[in-house]
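Working notes, structure below.
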Amino acid sequence: MRILVVEDEHKLAAAIKKGLHQEGFAVDLAYDGLEGFDLAVGEEYDLIILDLMLPGMEGITFCRKLREEEKIQTPILILTALGQTEDKVKGLNAGADDYLVKPFAFAELLARIRALTRRPKESLPTVLKAQDLVLDTVKNEVRRGGKIISLTKTEYALLEYLLRQKEKVVSKEQIIAHVWNYETDILPNTVEAFVGRLRKKFGRPEIIQTVRGFGYKIN
């Protein structure tokens, strides 16, 4: 899954990115509200982590414009030092989905992220299946025929994205946008290489189908 972090404290933003990357998320950073807003509108994210006190465009305005003007419903988790009830109410009324006060434990941030990404417009399942392949997003575990398959974080993220788009054809560009960070220079052959690695580990290449000229599909 791909997350946008909009936070002007560079050390905190870097720490969040490092922690989330270790958990298998693709993460983009923005250090002011205007840059973050442009990314939120121009790219496709599964979650936005947003500070309230931002240069350029503060968080409340960011939320309101994203919801009311751009009609974008990406889940938003507000991260801020403003912990008064009225501040929380302002953020939630502006369109945020959750609120976490600084300082915070990374484990709590991760739990809230997982809860929000399981609760979009349609409730997402935590267990994804294709034939005898099973991916459990709670255990972060992949099995085929009951046997555990060891995957790298990127392989896991790629497989999860394909399974969540089951029976749909997804292009290499869509895969790159969801699995890798915005600043990472990824070529279409990289996607081909990772798909090839997954097929080899599954021992059943037909699980991920190539739709020539369009992309890939899992049935």
*Name every residue in the stretch 182-219 that is part of a helix (DSSP H, G or I) and more than 17 Å from Leu159 (Cβ to Cβ), in order of residue number.*
Pro188, Asn189
*Looking at Lys17, is it surrounded by 14 or more Cβ atoms within 10 Å (Cβ to Cβ) and under 24 Å from Gln174 (Cβ atoms)?*
yes
*asked:* Please determine whether any residue of the stretch 85-99 is of a type in the set (S, T, N, Q), at pLDDT below 90 and not assigned by TED's automatic domain parsing to the domain that holds Glu167.
replied: yes
*Of the residues in the stretch 69-97, how many are crowded, with 17+ Cβ neighbours inside 10 Å and either part of a helix (DSSP H, G or I) or of a type in the set (Gly, Ala, Ser) (or both)?*
7
*Which one of these does Ile148 not meet: (1) more than 19 Å from Leu20 (Cα to Cα); (2) surrounded by 12 or more Cβ atoms within 10 Å (Cβ to Cβ); (3) among the aliphatic types (A, V, I, L, M); (4) free of Cβ contacts under 8 Å to residues at least 40 places away in the same chain?*
(2)
_For the stretch 1-48, give me each residue that is small (Gly, Ala, Ser) and within 19 Å of Phe106 (Cα to Cα)._
Ala13, Ala14, Ala15, Gly19, Gly24, Ala26
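The values are calculated or read from the model by the stated rules, or taken from the named source; none is laboratory data. Computed from a predicted structure; not experimentally measured. Positions of Cβ are generated from backbone atoms using ideal geometry, with glycine treated the same way; all protein chains shown enter the neighbour counts.
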